[in-house]
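J.: To start, I am sharing the structure in question, which I have written as structure tokens.
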Amino acid sequence: MAIEVGTFGPATGVVTAAPPAVPDALERETVARGREYRSLMRKWWFGASIGVVTMVMSYPWLFPVLREWFPRESAQLWWVWAGMGVASLAVLAYSGNQFFTGAWQGLRHRSANMHTLIAMGTGIAWVYSTIALLVPELFPASEYTEVYYDVTVVVTALVVLGLAMELRAKGRTSDAIKKLIGLQAKTARVVRDGQEIDVPVEAVAVGDLVVVRPGEKIPVDGEIADGASALDESMVTGESMPVEKRVGDDVIGATINRTGAFRFRATRVGKDTALASIIRMVQDAQGSKVPVQRIVDVVSGYFTPAVAILAILGFMAWYTFGPAPALVYALIVAVTTLIIACPCALGMATPMSLTTGVGLGALNGILIRGGEALQTAQKLQTIVLDKTGTITHGKPVLTDVVVAGPFPEDELLRLAGGVEKSSEHPLAAAIVEAAVARGLALPDAEAFNAVPGHGIEARVDGRSVLLGNLKLMRDREVPVGTLEAEALRLSDEGKTPMYVAIDDKPAGIVAVADTVKADSREAIRALSAMGLEVVMMTGDNERTARAIAREVGVERVLSEVLPEDKAAQVQMLQLEGKTVGMVGDGINDAPALAQADVGFAIGTGTDVAIAASDITLIKGSLRGVVMAIQISRATMLGLPVALGALYPVFGILLSPLLAALAMSFSSVTVIANANRLKRWKPKGLPRRAEA
């Protein structure tokens, strides 16, 4: 990686540098995707504009304004149809050129795909219509001389729109990676030749001594050499509780130093850092996803040859055994079979179902990124829930005050709040907020002293106050007595207990915890009722994890999962043959969200998690997961029936007109399903007023 050399300021001797740029490859990919999307949208608008005209001119007698100009048997219609033939050919050549190119490439490789199906259906419909228009006497009856230029235009335009919407959804990969890169510190303060200087983070080498002050971001991974502090690792680990760090402990790049100052020795830099590893995992997991296009291609690989074989067999049978004129009837059978298999419903279902489903989701606070997520969500078998910020609020609050001395509860909390008022620790903030909420006036602390890894000591209102863990009490020879059993009980409930001693005597316990969201229980209950296996995954210890799981009704728990292992845990569930959904909100969840068949991001979480996911829950509630899956199940269609693949086997000679009607029926099915979705209501969730 190139190092940008800065300049030394005249007074500070600090090296300055511009922030590292996003890799050029990502920029090129973004530009190329944008260019392709705009090209597809131009093709869509061209096809759609001509499609509207051809639909109207195909049935002018249905419109009072045109009925007098173009009577049903008017000779003027021939010129109208001829004009539509030229216009539809232009649509096939411009809007649908990629289908014919893809079909030709597939033919060269002796394979059939979605492009083959679309090119064959629209192409045959156009050729048949042109022959019927130019040489109508070849056909035995007038019902076989209808033209289907509107079919070719509408199918082409709608499928192009579906491709454009899918392409737009794929842009989340580079967006997620850009946001991850943006988390990295731009500079680092290193000690060189006995002086502290700021250098670009790319210039930090393994073994460098790096200085970190309160509130600063850790630039690279390393090991603390001297000093101590509490680090906010939530952006990488997802856990809301700060982590106490002392000499010998590891620190992770992109995390934030909350309290003390320290120096650490760099152990992993550049592409070897934890953040760089997460970026690679997001790339790998999202790159390995199978798009809807490939699924359709697999189906088309079997469906297209089958339709072609049926058409050929029908042609041969009618040509050999059919009545005169055998050639004409054989041609009609073959063309009818191909037209009826033209993927009208497929082309219409993609944009219409996507638009309806996405719109329905948006009305319920759910952002669905594309058709793949909409299709896959209804197949989910297992839902993996991150704990912090997903099941819980992600912010510690005071939950219990246990009194064991002469001081009443409010007085105990007032003195504890006075001590913690001078602390920057997030757990301290929870105690202070609770005391203020009770209307308690917090006194100022004197002789404040933070004991790393143990707690705090100070003088408040002339009293000596200790607040911390059991180690602090034993170090100061404070007998905790029965409070130890209370602390154990609180720990079993997933809470963090802190002893309070006043004037060297035990006074009680204040407990802090990341509490469960009010609607998490009902949402998990609804997911289970829908036949889904619910799994909770967290980096917390097993005792805390089990406590939260019992509270919300989750049976399967994956605890003490390292950030880099979350995606692997999702993959292991997939290897069990399950279709897996992942719900999370932290940066550490991004690889798992990308690895999952469907990733659900809590909208109140990090931008990276949202960018790496398929579905975003704006309101930050697990109720959104329930509704998203229900919307997906309500949206899916029976495409084999809609495609009309069974019509040719009934032994009835269908005209191309009836074949077009069959295709229209499949489109009506799509539209009816879309209208039904508008009346959709969530099931299994009690109504409640939204905040």
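The values are calculated or read from the model by the stated rules, or taken from the named source; none is laboratory data. Quick caveat, the model's predicted, so the values are computed rather than measured. Cβ atoms come from the backbone with ideal geometry, glycine included; neighbour counts cover every protein chain shown. The accessibility values were calculated without ligands, DNA or RNA, using every heavy atom of the protein model including side chains. Shrake-Rupley method; radii C 1.70, N 1.55, O 1.52, S 1.80 Å.
J.: Quick check on my filter: what residues within the stretch 595-606 are at pLDDT 65 or above and farther than 15 Å from Gln375 by Cα?
T.: Gln595, Ala601, Ile602, Gly603
J.: So how many residues does the stretch 543-564 have that are without any contact (Cβ under 8 Å) to a residue 60 or more places away in the chain, buried (at least 17 other Cβ atoms within 10 Å of the Cβ) and either charged (D, E, K, R) or part of a helix (DSSP H, G or I) (or both)?
T.: The total comes to 4.
J.: Within the stretch 407-444, restricting attention to residues that are part of a loop (DSSP other than H, G, I, E, B) and without any contact (Cβ under 8 Å) to a residue 24 or more places away in the chain, which residue is most open to solvent (accessible area, probe 1.4 Å)?
T.: Pro408
J.: Ok, one more. Looking only at the stretch 487-498, how many residues end up being touching a residue at least 40 places away in the same chain (Cβ under 8 Å) and over 19 Å from Val397 (Cβ atoms)?
T.: Summing the residues that are touching a residue at least 40 places away in the same chain (Cβ under 8 Å) and over 19 Å from Val397 (Cβ atoms) in the stretch 487-498 gives 0.
J.: Going by what's in this entry, would Gly624 be described as within 15 Å of the chain's Cα centre (by Cα) and in a strand (DSSP E or B)? Spell out the reasoning first.
T.: Numbers: within 15 Å of the chain's Cα centre (by Cα): yes; in a strand (DSSP E or B): no.
It is false that Gly624 is within 15 Å of the chain's Cα centre (by Cα) and in a strand (DSSP E or B).
J.: Moving to a separate point now. From the list Gly462, Gly453, Gly494, pick out the single residue that is modelled with pLDDT under 90, out of contact with any His (no Cβ under 9 Å at 6 or more places or on another chain) and crowded, with 22+ Cβ neighbours inside 10 Å.
T.: Gly494
J.: I'm trying to understand the selection: among the residues of the stretch 160-200, which are open to solvent by less than 10 Å² (accessible area, probe 1.4 Å), part of a helix (DSSP H, G or I) and at pLDDT 70 or above?
T.: Val160, Ala164, listed by residue number.
J.: Report, by residue number, each residue of the stretch 565-578 that is open to solvent by less than 30 Å² (accessible area, probe 1.4 Å) and within 16 Å of Val534 (Cβ to Cβ).
T.: Taking the stretch 565-578 first, the residues open to solvent by less than 30 Å² (accessible area, probe 1.4 Å) are 566-567, 570, 573.
Scanning the stretch 565-578 gives Val570, Leu573.
For every residue, the table says whether it meets (1) under 39 Å from the mean Cα position of the chain (by Cα); (2) modelled with pLDDT of 70 or more; (3) of a type in the set (Val, Ile, Thr); (4) open to solvent by 80 Å² or more (accessible area, probe 1.4 Å).
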| position | (1), (2), (3), (4) |
| --- | --- |
| Thr12 | no, no, yes, yes |
| Val22 | yes, no, yes, no |
| Ala32 | yes, yes, no, no |
| Trp45 | yes, yes, no, yes |
| Leu62 | no, no, no, yes |
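J.: Looking only at the stretch 522-541, which residues are within 24 Å of Ile278 (Cβ to Cβ) and either acidic (Asp, Glu) or in contact (Cβ under 8 Å) with a residue 40 or more places away in the chain (or both)?
T.: Val535, Met536, Met537, Thr538, Gly539, Asp540
J.: Cβ-Cβ distance below 9 Å, separation of 6 or more or different chains: which pairs start in the stretch 445-464 with a residue that is in contact (Cβ under 8 Å) with a residue 24 or more places away in the chain and end on one that is open to solvent by less than 30 Å² (accessible area, probe 1.4 Å) and aromatic (Phe, Trp, Tyr)?
T.: The qualifying pairs are Gly455/Tyr499.
J.: Select from the stretch 205-248 the residues that are part of a loop (DSSP other than H, G, I, E, B) and among the acidic types (Asp, Glu) and write down the one among them that is modelled with the highest pLDDT.
T.: So the residue we want is Asp208.
J.: Assess whether Met473 counts as being part of a helix (DSSP H, G or I) and over 30 Å from Arg633 (Cβ atoms). Spell out how you get there, then give the answer.
T.: Numbers: part of a helix (DSSP H, G or I): yes; over 30 Å from Arg633 (Cβ atoms): yes.
It is true that Met473 is part of a helix (DSSP H, G or I) and over 30 Å from Arg633 (Cβ atoms).
J.: In the stretch 484-494, is there at least one residue being of a type in the set (A, V, I, L, M) and in a strand (DSSP E or B)?
T.: Within the stretch 484-494, the subset of a type in the set (A, V, I, L, M) is 485, 487-488, 490.
Adding the requirement that they be in a strand (DSSP E or B) leaves none.
Checked against the condition, which is being of a type in the set (A, V, I, L, M) and in a strand (DSSP E or B), the stretch 484-494 yields no hits at all.
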